[in-house]
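For reference, the structure is listed below as structure tokens.
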Amino acid sequence: MNPRTDRPTGVIDRYRNLLPVTEATPVITLGEGSTPLIESRKLGALVGKGCRVFLKFEGANPTGSFKDRGMTLAVSLAAQRGAKSLICASTGNTSASAAAYAARASMRCAVLLPSGKIAAGKIAQAFIYGATVIAIDGNFDTCLNVVRELQQESTVAVVNSINPDRLEGQKTAAFEIVDELGDAPAIHILPVGNAGNITAYWKGYQEYRKLNRTSRTPHMLGFQAAGAAPIFFDRVVASPETAASAIRIGNPASWGLAKAAITESGGAIDIVTDDQIFAAQSWLAANEGVFAEPASAASVAGFIKCADPARRSASCPLTQLPEESNVVLTLTGHGLKDVAAVLDRSPAPLKAEANKESVLRLLS
Ligand code: AN7
């Protein structure tokens with residue numbers, strides 16, 4: 001606990017009993033977790049029936065994404081096992097988080113990134129936290145294959161979500177939601193890339209159900225970008241394409257686990273186009289004051305799509321949403337990670353002379 005505020009100093013501190021740590025585990029933390037759960041009345045109004053919609057804003061984590069939850073655990077346990085260096089493949093957020101927690105643990109960190117496909121803010125993070133940044137001529141899936149090879153040949157700790165410690169940490173987001181709402185939501189919506197997060201949430205909700213801390217588990221509803229939707233189309237996408245670079249993944253590592261989460265929860269996987277993603281990102285910022293990166297806006301785009309009975313599929317869990325249900329959307333990363341995605345579609349600023357009349361003319 002933080003001695004002055006009683007606030008937990010991170011997810012290991014907050015949920016120690018439900019995580020695979022011991023007293024001997026050195027806790028490498030930046031105070032991640034305990035992120036805001038923000039109600040959107042405007043999204044709630046789209047489904048009506050007294051339903052409430054909440055945004056779990058993971059952009060408020062120390063490096064600006066949900067990855068910090070898994071990274072505190074993965075790096076703490078790696079440190080306990082004596083690791084001196086970390087490696088990961090990434091579409092940007094995992095590398096930013098790994099680099100930060102490695103710095104915190106005085107470990108070396110190398111990140112393998114698809115060349116030219118990482119948002120500038122995320123690359124800047126990898127550099128400033130002191131990681132060795134390696135650009136690979138290929139996509140994320142190619143990078144992860146190289147990491148898998150390295151895993152067999154060396155003693156570095158791999159901190160991709162193929163490391164189960166990552167998912168253990170990430171499940172704490174589900175705990176927080178139940179702790180705050182008093183029960184699990186009816187539906188949980190989130191973007192899907194490498195499919196670790198949907199797997200982790202489902203694990204968290206199931207564990208809380210077994211402990212009787214919830215009366216139910218939610219339907220898990222995942223959204224992939226239309227050009228990078230291997231789970232939706234049920235086949236590997238060799239050349240995934242989407243402007244939501246974080247989820248530009250064609251062969252997800254947790255594919256099978258994600259399918260299990262969807263099936264067991266009575267959920268679904270669906271797609272949204274880049275245009276829908278950008279429209280949702282803009283809508284969210286301008287209507288709720290919440291700036292999420294494009295991949296995160298897939299949650300909102302998906303909710304908006306499925307709130308419309310004419311556009312959702314018959315199997316969409318929103319079709320049978322009972323009255324007065326809660327729906328939670330995870331916003332996985334902060335909008336400031338990728339400012340180019342916004343500036344590229346924004347107009348130039350209005351120009352005024354440095355006097356009152358000139359400004360007033362523009363406001364009228
Ligand atoms: C903002 O950083 O895969 O389905 O290497 O950064 O658990 O992969 C990022 C994924 C959603 C998808 N939203 O989560 C990486 C990486 C954001 C992300 C996802 C990612 P998963």
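Leaving out ligands and nucleic acids, and using a 1.4 Å probe, what accessible area per residue does the stretch 199-273 come to in Å²? Please list the in-between numbers first.
Working: 2990 Å² over 75 residues.
Value for the stretch 199-273: 40 Å² per residue.
So how do Val27, Val237 rank on accessible area, 1.4 Å probe, biggest first, that is with the largest at the start?
Working: Val27 65, Val237 25 Å².
Most to least solvent-accessible, the answer reads Val27, Val237.
May I ask you to list, by number, the DSSP H helices of the chain whose Cα span along the axis is at least 18 Å and whose average Kyte-Doolittle hydropathy reaches -0.5 or more? It would help to have the intermediate numbers written out before the result.
Details: long enough: 67-80 (19 Å, 0.13); 140-153 (20 Å, -0.35); 196-210 (21 Å, -1.52); 274-288 (20 Å, -0.29); 294-307 (19 Å, 1.11).
Helices passing the filter in the chain: 67-80, 140-153, 274-288, 294-307.
What order do you get for 6-13, 86-93 when each peptide is scored by the mean count of other beta carbon atoms within 10 Å, highest first? Provide the component values of the computation, followed by the final result.
Working: 6-13: 19.0, 86-93: 28.1.
The peptides rank, most packed first, as 86-93, 6-13.
As a quick test, which of the pairs Lys67/Lys210; Lys49/Lys305; Lys84/Lys337; Lys171/Lys259; Lys171/Lys210; Lys210/Lys305 have an alpha carbon distance above 22 angstrom in this structure? Mind dumping the intermediate values first?
On the way: Lys67/Lys210 25 Å; Lys49/Lys305 17 Å; Lys84/Lys337 28 Å; Lys171/Lys259 17 Å; Lys171/Lys210 14 Å; Lys210/Lys305 33 Å.
The pairs that break the limit, which is 22 Å between Cα atoms, are Lys67/Lys210; Lys84/Lys337; Lys210/Lys305.
Could you derive backbone 3J(HN,Hα) for the stretch 332-337 from the dihedral phi with the Karplus parameters 6.51, -1.76 and 1.60 (θ = phi - 60°), listing whole Hz in sequence and x where the residue is Gly or Pro?
Using θ = phi - 60°, the values come out as 6, x, 6, x, 5, 4 Hz.
At 222 nm, what helix-only mean residue ellipticity would the chain give, in deg cm²/dmol to the nearest 500, using -39500 (n - 2.57) for each DSSP H run of four or more? Present the calculation step by step, with values, prior to reporting the outcome.
Details: 15 runs with 149 residues, N = 364.
Result for the chain: -12000 deg cm²/dmol, rounded to the nearest 500.
Before I look further, what does the stretch 306-364 give for accessible area per residue, probe 1.4 Å, in whole square angstrom? Show your work: numbers first, answer last.
Working: 3960 Å² over 59 residues.
Heavy-atom accessible area per residue stands at 67 Å².
What order do His219, His334 take when sorted by accessible area (1.4 Å probe), most exposed first? Kindly include the intermediate steps, with their values, before the conclusion.
Numbers: His219 70, His334 45 Å².
Largest to smallest exposure gives the sequence His219, His334.
Between the stretch 208-235 and the stretch 11-46, how far is it from one alpha carbon centroid to the other, in angstrom?
19
How many Å² of accessible area per residue for the stretch 88-195, probe 1.4 Å? Show your work: numbers first, answer last.
On the way: 3830 Å² over 108 residues.
Dividing the accessible area of the stretch 88-195 by its residue count gives 35 Å².
Just order 136-147, 14-25 by mean Cβ neighbour count inside 10 Å, highest at the front, would you? Don't skip to the end; give the middle numbers.
On the way: 136-147: 19.8, 14-25: 14.0.
The densest-packed peptide leads the list: 136-147, 14-25.
What relative contact order, as a whole-number percentage, does the chain give when Cα pairs under 8 Å and 6 or more residues apart are counted? Present the calculation step by step, with values, prior to reporting the outcome.
Working: 756 pairs, mean separation 66.2, N = 364.
That works out to 18 percent.
Amide H to amide H under 5 Å from Ile136: which residues, 5+ apart in sequence or cross-chain, H placed 1.01 Å off N in plane?
Amide H neighbours of Ile136, under 5 Å, 5+ apart: Leu113, Ser115.
What is the set of long-range amide H partners of Val53 at a cut-off below 5 Å, with H atoms built 1.01 Å from backbone N?
It is Ser40, Gly44, Val327, by chain and number.
Size of the dipole of the chain about the Cα centre, Lys and Arg at +1 and Asp and Glu at -1 on the beta carbon, nothing else charged, in debye to 20?
Numbers: 36 positive and 33 negative charges, 56 e Å.
Around 260 debye, computed over the chain.
Under the rule of at least 5 residues apart or a separate chain, name every residue whose amide H is placed under 5 Å from the amide H of Thr273.
Ala226
Tell me the carbon and sulfur percent of the accessible area for the chain, rounded to whole percent, probe radius 1.4 Å.
Details: 8170 of 15530 Å².
Exposed carbon and sulfur together represent 53 percent of the surface.
Solvent-accessible area of Arg148, probe 1.4 Å, all protein chains present, reported in Å² to the nearest ten, please.
Counting only protein heavy atoms, the figure is 90 Å².
May I ask for the Kirkwood hydrodynamic radius of the stretch 1-115, worked out over all distinct Cα pairs and given in angstroms to one decimal?
On the way: mean 1/r = 0.0637 Å⁻¹.
Mean inverse Cα-Cα distance, inverted, gives 15.7 Å.
The values are calculated or read from the model by the stated rules, or taken from the named source; none is laboratory data. On a predicted model such as this, the values are computed, not experimentally measured, just so you know. Here the Cβ is made from the backbone with ideal geometry for all residues, glycine too, and neighbour counts use every protein chain on show. Remember, those area values only see protein heavy atoms, side chains included, never the ligands or the DNA or RNA. Shrake-Rupley method; radii C 1.70, N 1.55, O 1.52, S 1.80 Å.
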